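Visitor: Mind having a look at this structure? Questions to follow.
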Amino acid sequence: MIIGVPKEIKNNENRIALTPAGAAELTKRGHTVYVQSGGGNGSGFSDEDYRAIGVNMLPTLEEVYDVAEMIIKVKEPIEPEYKLIKKGQILYTYFHFASSEVLTHAMIENGSVCLAYETVELDDHSLPLLIPMSEVAGRMSIQEGAKYLEKTYGGYGVLLGGVAGVLPAKVLILGGGIVGTEAAKMAAGLGADVTIMDISLKRLRYLDDIMPANVKTMMSNDYNIREMVTTHDVIVGAVLIPGAKAPHLVTRDMLKTMRAGTVLIDVAVDQGGCFETTKATTHTDPVFIIDDVIHYCVANMPGAVPHTSTIALTNATLPYAIEIAEKGWKKACADSIPLRKGLNVVDGKVVYKSVADAFGLSYTKVETVL
Ligand SMILES: NC(=O)c1ccc[n+]([C@@H]2O[C@H](COP(=O)([O-])OP(=O)(O)OC[C@H]3O[C@@H](n4cnc5c(N)ncnc54)[C@H](O)[C@@H]3O)[C@@H](O)[C@H]2O)c1
């Protein structure tokens, strides 16, 4: 198959969809890979790195779209790319269709085959192509928390791990899923005193079993949260209720009960955030302060570490990309239920129910297009 990897043109997106190692796996199997020149620079991969493993570099976005049977990307196509997409062309990328009617209509009209990373789903309902970015954001939340605890960044001036004779900082993590678990591991590794809260007792039991002794678990409810926020230095918001807005677990009135210089990191900002005072921020202006409490609410945290994020993303997406390249999208999706769930729009038909429902469009069962 002929595969094209364009340079991402969305603002501040430095990732690329395929590392040289990932591209090598495809070329080794006899597929032809075209990467747009300079596309890997933001992630630390040069044109030379790609050329060295037999990838063809193309100078323009137009040429990549023109030559490829399958386009592998990171972010959803944006307006200048719409006209470049051809009927029958496979687009394998994050789409988040339900958040953009314009994008949904554009993909219906061009007749492409849209395989969305975010809806590829395993039997246990986990989302294997979203997990790597949650892992990155979870680990990064503690790095950011430690930074903003420093006095020069407006924090209380506490070292996360303390030192001999001085107690460590206290870290509270709301939600013990992927983000919360990765955050807890990092905070614990740095020596902080960590508490994870979740509403799932089953999850808390599991975390209690596997976490080191400086991580405790506690049931998440308003009473407990109200008490805990008064004594913690960093509070990480990591809850998710699938398909719904995040609940506001930390309310505006609780800020007054916190110590000045407390740091809130709302990773769940992309679902509306779990702090009432959350509003999305960017890497260029990541924090704001309310009632002397620092809020970090960056909606695309993995974007700050594109080298790590690009490799983590390729590790997860590549096995499916190989299946599609080897078998063609129809047979690959017929053979794999998880991959089939990634199909959202095919040849003008919406084949993912919640996308059709989001915009009142007619829904076609995915089986009928295979
Ligand atoms: N900002 C970013 O850059 C970024 C990056 C990746 C993920 N995220 C977001 O982070 C959030 C968490 O993602 P995840 O992959 O860890 O999800 P997950 O499904 O693995 O975990 C969510 C956890 O929240 C728990 N939960 C639900 N309601 C709760 C409540 N009231 N109190 C405490 N816990 C509760 C669930 O039981 C679950 O264990 C999502 O909103 C995701 O979109 C943001």
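The values are calculated or read from the model by the stated rules, or taken from the named source; none is laboratory data. Bear in mind that the values here come from a model prediction, so they are computed numbers and not experimental data. In this analysis, Cβ positions are derived from the backbone assuming ideal geometry, glycine residues included, and neighbour counts consider all displayed protein chains.
Visitor: Sort through I241, I210, I294, I225 and tell me the only one that's within 11 Å of the ligand (Cβ to nearest atom) and at pLDDT 95 or above.
Guide: Unique residue meeting the criteria: I225.
Visitor: Within the stretch 327-348, is there a residue that is in contact (Cβ under 8 Å) with a residue 60 or more places away in the chain, of a type in the set (D, E, K, R) and not in a loop (DSSP other than H, G, I, E, B)?
Guide: There is no residue in the stretch 327-348 that is in contact (Cβ under 8 Å) with a residue 60 or more places away in the chain, of a type in the set (D, E, K, R) and not in a loop (DSSP other than H, G, I, E, B).
Visitor: What do you reckon, is K151 over 30 Å from L313 (Cβ atoms), surrounded by fewer than 20 Cβ atoms within 10 Å (Cβ to Cβ) and in contact with a Ser or Thr (Cβ under 7 Å, 6 or more places away or on another chain)?
Guide: no
Visitor: Further question: Looking at (1) of a type outside the set (A, V, I, L, M, F, W, C); (2) free of Cβ contacts under 8 Å to residues at least 40 places away in the same chain; (3) closer than 30 Å to A260 by Cα, which is the only condition G360 fails?
Guide: Only one criterion in (1) of a type outside the set (A, V, I, L, M, F, W, C); (2) free of Cβ contacts under 8 Å to residues at least 40 places away in the same chain; (3) closer than 30 Å to A260 by Cα is unmet by G360, namely (3).
Visitor: Considering only the stretch 44-83, state which residues are within 17 Å of T317 (Cβ to Cβ) and in contact with a His (Cβ under 7 Å, 6 or more places away or on another chain).
Guide: E76
Visitor: Can you work out which of the residues in the stretch 164-204 that are of a type in the set (V, I, T) and within 23 Å of the chain's Cα centre (by Cα) is farthest from the ligand (Cβ to nearest atom)?
Guide: V171
Visitor: State which residue pairs qualify: first residue farther than 15 Å from V269 by Cβ and inside the stretch 289-315, second residue among the β-branched types (V, I, T) and within 9 Å of the ligand (Cβ to nearest atom) in any location, beta carbons under 7 Å apart, and separation of 6 or more residues or different chains.
Guide: V305/V136; T308/V136; S309/V136; A312/V136
Visitor: Out of the stretch 97-125, which residues are at pLDDT 95 or above, outside any helix (DSSP H, G or I), of a type outside the set (D, E, K, R) and within 16 Å of the ligand (Cβ to nearest atom)?
Guide: Answer for the stretch 97-125, where residues must be at pLDDT 95 or above, outside any helix (DSSP H, G or I), of a type outside the set (D, E, K, R) and within 16 Å of the ligand (Cβ to nearest atom): A116, V120, L122.
Visitor: A follow-up question, please. Could you check the stretch 126-148 and list, in sequence order, the residues that are surrounded by fewer than 20 Cβ atoms within 10 Å (Cβ to Cβ), away from the ligand (no atom under 12 Å from the Cβ) and in contact (Cβ under 8 Å) with a residue 40 or more places away in the chain?
Guide: The one that is surrounded by fewer than 20 Cβ atoms within 10 Å (Cβ to Cβ), away from the ligand (no atom under 12 Å from the Cβ) and in contact (Cβ under 8 Å) with a residue 40 or more places away in the chain: Q143.
Here is a yes/no grid of residues against (1) surrounded by fewer than 19 Cβ atoms within 10 Å (Cβ to Cβ); (2) over 18 Å from G328 (Cα atoms); (3) free of Cβ contacts under 8 Å to residues at least 24 places away in the same chain; (4) among the polar types (S, T, N, Q):
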| site | (1), (2), (3), (4) |
| --- | --- |
| E8 | no, yes, no, no |
| Q36 | no, yes, no, yes |
| D47 | yes, yes, yes, no |
| P59 | yes, yes, yes, no |
| I72 | no, no, no, no |
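Visitor: Another question about this same structure. May I ask you to say which residue of V55, V102 is more than 26 Å from the chain's Cα centre (by Cα) and over 24 Å from V305 (Cα atoms)?
Guide: Checking each option against the conditions leaves just V55.
Visitor: While we're looking at this one, here's another question. Could you give every pair whose Cβ atoms fall below 8 Å, whose first residue belongs to the stretch 228-246 and is within 28 Å of K353 (Cβ to Cβ), and whose second residue is more than 10 Å from the ligand (Cβ to nearest atom), counting only separations of at least 6 or pairs across chains?
Guide: Between residues of the stretch 228-246 that are within 28 Å of K353 (Cβ to Cβ) and residues that are more than 10 Å from the ligand (Cβ to nearest atom), the close pairs are G243/S354.
Visitor: Additional query: Out of all the residues in the stretch 247-266, is one or more within 11 Å of the ligand (Cβ to nearest atom) and under 18 Å from the mean Cα position of the chain (by Cα)?
Guide: Yes.
Visitor: Keeping to the stretch 159-202, report how many residues are among the aliphatic types (A, V, I, L, M), surrounded by 15 or more Cβ atoms within 10 Å (Cβ to Cβ) and either modelled with pLDDT under 95 or part of a strand (DSSP E or B) (or both).
Guide: Residues that pass the stated criteria total 7.
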